[in-house]
């Protein structure tokens with residue numbers, strides 16, 4: 001990673017083989033992005049704080065399905081919330097960092113080519129990277 005103030009670090013995080021999906025965000029509320037990956041085979045969100053080095057993990061989603069991770073501060077508490085976009089049902093299912101009960105909102109067309117941004121389509125085959 002390259003720092004905005006100059007310099008860089010090389011940090012290994014996640015499983016090799018190109019299966020993990022990067023989902024950086026501020027998961028601990030320190031106003032700095034943390035290293036994070038979503039492992040679709042296990043529906044596991046693995047987070048590593050760049051400030052403290054603390055490691056945490058949360059299972060959110062259904063392992064081995066078409067669930068796609070989305071990161072955002074959807075409740076406005078200053079900490080990233082974990083959201084799954086379930087392509088088969090077009091549901092956005094959010095686990096709030098604040099402890100509020102999870103919500104599911106249907107938005108999009110079920111079983112379509114819809115996918116949340118920033119899920120990239122590197123090879124332009126209308127399938128997101130996962």
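Each value in this text was obtained by applying a stated rule to the coordinates, not by laboratory testing. These numbers were taken from a predicted model, which means no experiment stands behind them. Every residue, glycine among them, receives a Cβ derived from its backbone with ideal geometry; neighbour counts consider all protein chains shown.
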### Task
Could you line up 105, 84 from fewest to most neighbouring Cβ atoms inside 10 Å?
105, 84
### Query
Suppose R0 equals 30 Å; then what is the FRET efficiency for residue 89 and residue 15 from their Cβ-Cβ distance, rounded to the nearest 0.05?
0.65
### Query
With labels modelled as points extended 7 Å from the Cα through the Cβ direction, what inter-label distance (nm, one decimal) is found for residue 30 paired with residue 55?
1.6
### Query
Hey, if you drop one equal point scatterer on each alpha-carbon of region 59-113 and run the Debye formula without solvent, what base-10 log of I(q)/I(0) do you get at q = 0.25, 0.27, 0.29, 0.30 Å⁻¹?
-0.96, -1.06, -1.16, -1.20
### Calculated FRET value between residue 100 and residue 41, using beta carbons and R₀ = 30 Å, to 0.05
0.60
### Query
What share of Cα pairs, in percent, lie more than 17 angstrom apart in region 21-106?
44
